[in-house]
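Undergrad: Submitted below is the structure of interest, expressed as structure tokens.
The values are calculated or read from the model by the stated rules, or taken from the named source; none is laboratory data. Please read all numbers here as calculations on a predicted model, not as lab measurements. Glycine gets a Cβ as well: all are built from the backbone with ideal geometry, and neighbour counts include every protein chain shown.
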């Protein structure tokens, strides 16, 4: 499995199924953000309340349970001030015996017990940390401690060329006491790599 970050909450996640590669694209960025859009069409596109279209792949615009080409996708709405937030969903992506949780623009201060039960054991957490429409760094660390993933990849924070004003990544790293986290252009992982793996934070370059 490979993960590439495009900025904001946008990721391409690729799974290997035999000789076939299945690609999943979360929340494609538009040129208006100041970032570079992804041109290659994925097998599965996940975008809540988006206006994206897809020609040959599968488009997921609402939470629910899906299975496409052997990849499982489970999504449910998060909450905002106690009410269901129909503008954001938490997604669980399963493939290659790995479970990835994408929190979207989560603004909850903490997750409810039923949400944590739904998530279960998470291998990789894609966590917004830059404030704005989502959690700030302090709130993000609390959510991370609730989920207890093996690997956390921060997203949705200030990066070069981004027009939206967000907090710096350093605020999140400072709370965790991390000075030199592992920084990669692409993160690759197999299930066996997680054996005896202590929890860690991986920084992806967009």
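Undergrad: For region 1-47: of the residues being within 13 Å of the chain's Cα centre (by Cα) and part of a loop (DSSP other than H, G, I, E, B), which is surrounded by the fewest Cβ atoms within 10 Å (Cβ to Cβ)?
TA: The qualifying residue surrounded by the fewest Cβ atoms within 10 Å (Cβ to Cβ) is 47.
Undergrad: Being exposed (fewer than 13 other Cβ atoms within 10 Å of the Cβ), on the phi < 0 side of the Ramachandran plot and at pLDDT below 95 narrows it down to one of 83, 121, 117, so name that one.
TA: Going through 83, 121, 117 in turn, the sole match is 83.
Undergrad: Give just the number: which of (1) within 22 Å of residue 12 (Cα to Cα); (2) modelled with pLDDT of 95 or more; (3) crowded, with 21+ Cβ neighbours inside 10 Å does residue 71 not satisfy?
TA: (3)
Undergrad: So, residue 198, is that one out of contact with any strand residue (DSSP E or B) (no Cβ under 9 Å at 6 or more places or on another chain), at pLDDT below 95 and surrounded by 13 or more Cβ atoms within 10 Å (Cβ to Cβ) or not?
TA: Here the answer is no, as residue 198 does not meet what is asked.
Undergrad: Restricting attention to region 131-142, does a residue exist that is within 20 Å of residue 195 (Cα to Cα), at pLDDT 95 or above and in contact with a helix residue (DSSP H, G or I) (Cβ under 6 Å, 6 or more places away or on another chain)?
TA: Checked against the condition, which is being within 20 Å of residue 195 (Cα to Cα), at pLDDT 95 or above and in contact with a helix residue (DSSP H, G or I) (Cβ under 6 Å, 6 or more places away or on another chain), region 131-142 yields no hits at all.
Undergrad: Only one of 95, 130, 104 is in contact (Cβ under 8 Å) with a residue 60 or more places away in the chain and under 14 Å from the mean Cα position of the chain (by Cα); which?
TA: Matching residue, one of 95, 130, 104: 104.
Undergrad: Select from region 167-195 the residues that are over 20 Å from residue 11 (Cβ atoms) and in contact with a helix residue (DSSP H, G or I) (Cβ under 7 Å, 6 or more places away or on another chain) and write down the one among them that is surrounded by the most Cβ atoms within 10 Å (Cβ to Cβ).
TA: For region 167-195, the residue satisfying everything is 171.
Undergrad: Since residue 201 meets every condition but one in (1) closer than 20 Å to residue 91 by Cβ; (2) touching a helix residue (DSSP H, G or I) at 6+ places or on another chain (Cβ under 8 Å), which condition does it not meet?
TA: Every condition holds for residue 201 apart from (1).
Undergrad: Sticking with this structure for a sec: I'm checking my understanding of the structure. Among residues of region 139-163 that are touching a residue at least 60 places away in the same chain (Cβ under 8 Å), farther than 16 Å from residue 104 by Cα and surrounded by 15 or more Cβ atoms within 10 Å (Cβ to Cβ), which one is nearest to the chain's Cα centre (by Cα)?
TA: 159
Undergrad: Can you find a residue that is in contact (Cβ under 8 Å) with a residue 12 or more places away in the chain and within 13 Å of the chain's Cα centre (by Cα) anywhere in region 50-60?
TA: For region 50-60, residues in contact (Cβ under 8 Å) with a residue 12 or more places away in the chain and within 13 Å of the chain's Cα centre (by Cα): absent.
Undergrad: Limited to region 86-103, what total is found for residues that are over 25 Å from residue 194 (Cα atoms) and buried (at least 17 other Cβ atoms within 10 Å of the Cβ)?
TA: Of the residues in region 86-103, 2 are over 25 Å from residue 194 (Cα atoms) and buried (at least 17 other Cβ atoms within 10 Å of the Cβ).
Undergrad: Restricting the first residue to region 166-181 and requiring it to be free of Cβ contacts under 8 Å to residues at least 60 places away in the same chain, which pairs with a second residue that is part of a helix (DSSP H, G or I) and surrounded by fewer than 16 Cβ atoms within 10 Å (Cβ to Cβ) meet a Cβ separation below 8 Å and a spacing of at least six or different chains?
TA: 175/138
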